[in-house]
């Protein structure tokens, strides 16, 4: 079995869980029943011990893959010297009406193998390793009812019309397929007995068709008609896949411990929901016309933040609870020996002041899209504003979450300013009554003065990451993206030039900052998309914005997916994969580009906000 | 026979039985979900099936209490241990006789011998319902013994 690299993976999912499928036909990552559950397959993090489910030709092959148009259903074609097979992979998803009518497994992966040319011997290897390869299980052959992976209170049911048998702790078999012949596979999860066991034919094919139709109708609601439609729709499909449907939360990525540096220790668990991502994600979803998902996300934010009000944590699980404490799994060797493998994320204990502004800003976008709040939510938002007024000068861990050190970050203060601006806009629009307006206005103005005086470096002619220093950071582009500075202002243009000079990894890629680049990190995908977004908003010529954006698109893998980072030397993805935030950046940059191309003002948000501020000032 | 006592303690006993079975599932002793198993006789929708199943189970449990009450009257006395004994026999019947014939009763349940078909797609329970987890018989016996004990302990003959 060939060892896949990050770029060799594609994702399938059902808005509750996700699997990574390699171009070699192997499902190497799957956590059930939800994104942050323990793994059933983790060959991604340990090819020997982690467990996998592979289906591929027994002889040497070349593979090519794609998503079926406008879906999250994956099709991989394997070509050998004797013939060709196609494998279609899906985690089925169904409409409400179908859920009502059909007896559906709780969770399922279906795989359909069809021989389209010649003859191919197909090899199947099913090696479940539940509980991050630590949980004991029993394999049982129940004949026509399939194979049972008995884990006590839960079980996995593995069924196929291929000839398979148990070999120690795995299930394996080979079968020769001729043109037109097919094999069907289903793996389902059951915590409720009796488990549904629909007959494989036509269930597998029907599930794939049903899922494809569901994804197609969902993406059909996207309003974007620009020139980068394929990339934007792929990103939207990914965001939807990473949404936990029962709560509306969106996980940052479906994986843990894919390294930011090969062989290094910067391996984190991203299967949680970061408040930071909220406002940009809400902007992307509302911008694409997916108001339902955006509203669900804001609903989750509001519900979640109530639990710790008025203090906010950095990240939460899909139901708004604190994840279990971070721990290391020493028995897994890590992706390409990048140890340690961690589950849980200690960043939940950090102080990050930007999250207050993010939550408020997402709520403002919800209101701009026609939403409304109840009085309790308005009171919560007001409390967040008061918290900002008390704490905006405090040092924090900042957007990039370095562990240990707390500093006064310009980006965090910017988001405190954004939060107060947002609250004033909400008041102006009648959604926030009985708020301490004078306090909000005075603090907002004080934050602006502080940033303009102390976060601006005359010698560099640039804003800086930490006040009174010369440190640059790509997150300073947010000054324009959030409307603190006009994109075309001399200060912003000059800041962009300095960032490009000093943090540019090549013509298109940007490091976060020099402190982290020096450690050998990759360049951050979101930073490049911020740069494209900034240029599209008026920071530079349209052609420059488009060139940067299209160069970035060229760095996606063959099915259009990005990780968190990109190695500037090899162009290979690094870090957890696929990363929702990078795709959020892609969508927002594409929306801005399209608006610029159409001659639409791309500063609508700022305009309305300024009007609001003027009204209040008046 | 005291109808009020039968209805009241039959209902209370069934509530406790249902809670013990659900608790056993939550604690990981079994995958068996009795409301889901019963409800899927009438609908394929998972959520709706569980609601229907809870209602069915409460009604059936109360009806079964009639047999317990009849036994108490035949004995001329109730009492918790008499109830528990009947509960033990009841659970043995459910496990040894009731579960294996489920595929013949349940319109959506597959047979061990024929595999799933288009209309029969649910996993059969197997002997002693062991397919739903090796500790399933333990939780079924415990739940029925407690059911019987509650009924026997509180039922009034007159």
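Below, the figures for the structure above:
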read-out	value
Selection count, the range A:310-339, where residues are loosely packed, with under 14 Cβ neighbours inside 10 Å, touching a residue at least 24 places away in the same chain (Cβ under 8 Å) and either on the phi < 0 side of the Ramachandran plot or outside any helix (DSSP H, G or I) (or both)	2
Those residues of the range A:149-164 which are over 12 Å from residue A:186 (Cα atoms), assigned to a strand (DSSP E or B) and more than 7 Å from every other protein chain (Cβ to nearest Cβ), in sequence order	A:149, A:150
Residue identified as modelled with pLDDT of 95 or more, more than 37 Å from the chain's Cα centre (by Cα), away from every other protein chain (no Cβ under 11 Å) and on the phi < 0 side of the Ramachandran plot among A:184, A:174, A:117, A:129	A:117
Sole exception among (1) more than 11 Å from chain B (Cβ to nearest Cβ); (2) over 30 Å from residue B:24 (Cα atoms); (3) in contact (Cβ under 8 Å) with a residue 60 or more places away in the chain for residue A:134, by number	(2)
Per-region count, the range A:340-352, residues part of a loop (DSSP other than H, G, I, E, B) and either at pLDDT 95 or above or under 19 Å from the mean Cα position of the chain (by Cα) (or both)	4
Listing of helices (runs of 4 or more DSSP H) fully contained in the range A:484-537 that carry 2 or more residues being surrounded by fewer than 19 Cβ atoms within 10 Å (Cβ to Cβ)	A:490-503, A:514-517
Leading residue by the ranking (nearest to residue A:33 (Cα to Cα)) among those in the range A:89-109 that are in a loop (DSSP other than H, G, I, E, B) and in contact with a strand residue (DSSP E or B) (Cβ under 7 Å, 6 or more places away or on another chain)	A:106
Single match in A:101, A:142 (criterion: farther than 24 Å from residue A:40 by Cα and within 13 Å of another protein chain (Cβ to nearest Cβ))	A:101
Residue within the range A:216-232 that is part of a loop (DSSP other than H, G, I, E, B), touching a residue at least 12 places away in the same chain (Cβ under 8 Å) and touching a strand residue (DSSP E or B) at 6+ places or on another chain (Cβ under 8 Å) present	no
Per-region count, the range B:125-137, residues in contact (Cβ under 8 Å) with a residue 24 or more places away in the chain and either at the interface with chain A (Cβ under 7 Å from one of its Cβ atoms) or part of a loop (DSSP other than H, G, I, E, B) (or both)	5
Criterion (over 23 Å from residue B:16 (Cα atoms), surrounded by 17 or more Cβ atoms within 10 Å (Cβ to Cβ) and in contact (Cβ under 8 Å) with a residue 24 or more places away in the chain) met by exactly one of B:120, B:82, B:108	B:108
Residue that is nearest to the chain's Cα centre (by Cα) [pool: residues in the range A:386-412 that are assigned to a helix (DSSP H, G or I) and farther than 20 Å from residue A:309 by Cα]	A:411
Selection count, the range B:16-45, where residues are more than 14 Å from chain A (Cβ to nearest Cβ) and surrounded by 15 or more Cβ atoms within 10 Å (Cβ to Cβ)	4
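The values are calculated or read from the model by the stated rules, or taken from the named source; none is laboratory data. Keep in mind it's a predicted model, so treat the numbers as computed, not measured. Don't worry about glycine lacking a Cβ; one is built from the backbone with ideal geometry, like all the others, and counts go over all protein chains shown.
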